[in-house]
Structure formats: C-alpha cells, structure tokens
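Colleague: Below are the structure tokens for one structure; questions will follow.
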Amino acid sequence: MLKYFIWDFDGTLVDTYPSMTLAFQRALKNEGINASKEEVLSLLKQSSKHALAYYNLEISFKKKWKAIEERVDKAMSQPFQGVIEVLKLIKKNGGKNYIVTHRDKTTYDYLEFHQMLNYFTDIITIEEANQRKPDTDLFDQLIVKNQIDPNQTLSIGDRVLDMIPSKALGLKTCLYNPKSFSHTIEVDYEIENYKTLKNILEKNFKE
C-alpha cells in the first residue's frame with residue numbers, strides 16, 4: 001500500500017505558470033527583450049535553465065525575475081482542480097505528503113496563501129539542493145530525513161525531470177499531464193486530472 005506521497009510544486013500542485021510567465025516577460029522587457037507569453041511559457045515548462053539559455057541570459061537574471069514574481073498577485077496562481085481533495089484523502093487515511101521543488105522558500109508563501117501548508121509533513125526546496133532534478137539529490141535528502149520507504153512511495157510531478165529521479169530511486173511514479181504532451185518515459189500512472197488520482201488512491205487505502 002502507498003503511504004508516502006512526494007509532490008512537485010510548480011505545475012503539479014499549483015498552477016504558478018501564469019505568474020511565472022508574466023514576471024519573466026517583465027524581466028525580459030527590462031533587458032530590452034520582447035517575447036510572447038506563449039513562447040516564454042513553452043520554455044519555462046521545459047525548465048528555467050532552458051529559458052535562460054534560450055535568451056542567452058546570465059544566472060543573475062533569475063534573481064531579477066524572482067523579485068518581480070514575488071510582487072505578482074498570488075491569486076493569479078491557483079491550486080489545480082481536485083488536488084486539495086487528494087491531499088485531504090491522503091492525510092485522512094494516515095498517509096504523508098511531501099514536496100520536492102526547484103522553487104525557493106516562496107513555496108511556503110503560496111501554500112500559506114492557499115491554506116495548503118498543513119497538508120504537508122516536510123518540504124525540500126532548491127536552497128537545500130546540491131544538484132537539481134533530474135539528479136536524485138533532493139529526493140535522497142527527503143527520503144533519508146523522513147525515513148521514507150521507497151517501496152511505499154508515489155512521486156507526482158508534471159514533467160519528465162520529476163519522473164527520472166523517482167524511477168531511479170524505485171518510487172512509483174505519477175505523471176500529471178493535463179495537456180497530454182508527448183513523451184517517451186514509462187510511468188506507473190499518467191493522469192489528466194486529479195479525480196483520476198483520487199479514484200486510484202481510494203482503492204489503494206482500501207487494500
């Protein structure tokens with residue numbers, strides 16, 4: 001039976017892409033670069049590193065971008081439909097929720113804003129990372145710190161780079177793929193909405 005649930009944050013729990021994209025666009029404009037929302041969003045969904053490289057930006061740009069994002073209204077970024085019900089189901093049945101994210105401590109700001117923080121046992125952010133995903137470092141830290149059994153763990157994320165380290169560590173994998181993007185990685189579950197995951201977990205907790 002699955003008891004431990006490791007979530008990605010951006011694009012998995014909360015749709016932060018609207019605020020991230022807007023802030024990135026504004027930061028680009030400050031550098032004299034005009035880019036469409038669609039272009040920026042496509043790049044960010046691959047990775048922030050990919051977006052920086054595409055526009056030939058220095059790593060210092062990221063601080064400027066994040067400073068702008070902190071001023072963007074957090075109401076622009078809403079939890080995905082049905083995800084809070086899944087978090088409640090897990091907690092009600094004695095399971096534990098965790099977050100492993102490339103986002104910094106602003107993760108807590110979003111969770112508090114949406115009254116979601118109490119659903120999580122522990123959160124590992126990018127400040128604690130030695131290596132970024134798809135390296136296993138962030139997951140390793142969480143698993144060791146919380147004595148998590150990989151055989152009873154499901155990792156939920158919206159990108160392949162969430163699935164790669166999860167599979168390497170022997171975790172069950174769930175790809176949240178609402179737009180049905182094409183990929184070649186094999187996962188245990190692939191869902192387009194959280195109603196599907198809720199149904200899966202209801203059966204899991206009855207075992």
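The values are calculated or read from the model by the stated rules, or taken from the named source; none is laboratory data. Since this is a predicted model, take the numbers as computed values, not measurements. Because the Cβ atoms are built from the backbone with ideal geometry, glycine has one as well, and the counts that use them run over all protein chains shown.
Colleague: With farther than 30 Å from LYS206 by Cα and either of a type outside the set (A, V, I, L, M, F, W, C) or in contact with a helix residue (DSSP H, G or I) (Cβ under 6 Å, 6 or more places away or on another chain) (or both) as the only criterion, which of ASN56, ASN93, ASN97 stands out?
Modeller: Working: ASN93 fails: farther than 30 Å from LYS206 by Cα; ASN97 fails: farther than 30 Å from LYS206 by Cα.
One residue alone meets the criteria, ASN56.
Colleague: Any residue in the range 46-58 that's more than 15 Å from GLU31 (Cβ to Cβ): show its pairings with residues that are assigned to a helix (DSSP H, G or I) at Cβ separation under 7 Å, as long as the two are six or more apart or on different chains.
Modeller: Matching pairs, first to second residue: SER47/LEU161; SER48/LYS62; HIS50/LEU43.
Colleague: While we're on this one: Out of the residues in the range 70-103 meeting the condition of being assigned to a helix (DSSP H, G or I) and in contact with a Lys or Arg (Cβ under 9 Å, 6 or more places away or on another chain), tell me which one is nearest to GLN115 (Cα to Cα).
Modeller: That would be GLU85.
Per-residue answers, yes or no, for (1) in contact with a Ser or Thr (Cβ under 9 Å, 6 or more places away or on another chain); (2) modelled with pLDDT under 95:
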{"residue": "ILE126", "(1), (2)": "yes, yes"}
{"residue": "ALA129", "(1), (2)": "no, yes"}
{"residue": "LYS133", "(1), (2)": "yes, yes"}
{"residue": "ASN146", "(1), (2)": "yes, no"}
{"residue": "ALA168", "(1), (2)": "yes, no"}
{"residue": "CYS174", "(1), (2)": "yes, no"}
{"residue": "HIS183", "(1), (2)": "no, yes"}
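Colleague: Condition first: within 19 Å of LEU161 (Cβ to Cβ) and touching a residue at least 24 places away in the same chain (Cβ under 8 Å). Now tell me which residues in the range 22-45 satisfy that. Give the derivation first.
Modeller: Quick first cut of the range 22-45, residues within 19 Å of LEU161 (Cβ to Cβ) only: 24, 40-45.
Correct list: PHE24, LEU41, LEU44, LYS45.
Colleague: Oh, and also: Filter the range 27-57 down to the residues that are under 24 Å from the mean Cα position of the chain (by Cα) and not in a helix (DSSP H, G or I), then identify the one that is modelled with the lowest pLDDT. First the steps, then the outcome.
Modeller: Start the filter on the range 27-57 by keeping residues that are under 24 Å from the mean Cα position of the chain (by Cα), which leaves 27-28, 36-55, 57.
Subset that is not in a helix (DSSP H, G or I): 36, 47, 55, 57.
Numbers: SER36: 96, SER47: 85, TYR55: 97, LEU57: 95.
Filtering the range 27-57 for residues that are under 24 Å from the mean Cα position of the chain (by Cα) and not in a helix (DSSP H, G or I), the one modelled with the lowest pLDDT comes out as SER47.
Colleague: While we're here: Looking at (1) surrounded by fewer than 17 Cβ atoms within 10 Å (Cβ to Cβ); (2) aromatic (Phe, Trp, Tyr); (3) at pLDDT below 95, can you tell me which one TYR17 breaks?
Modeller: (1)
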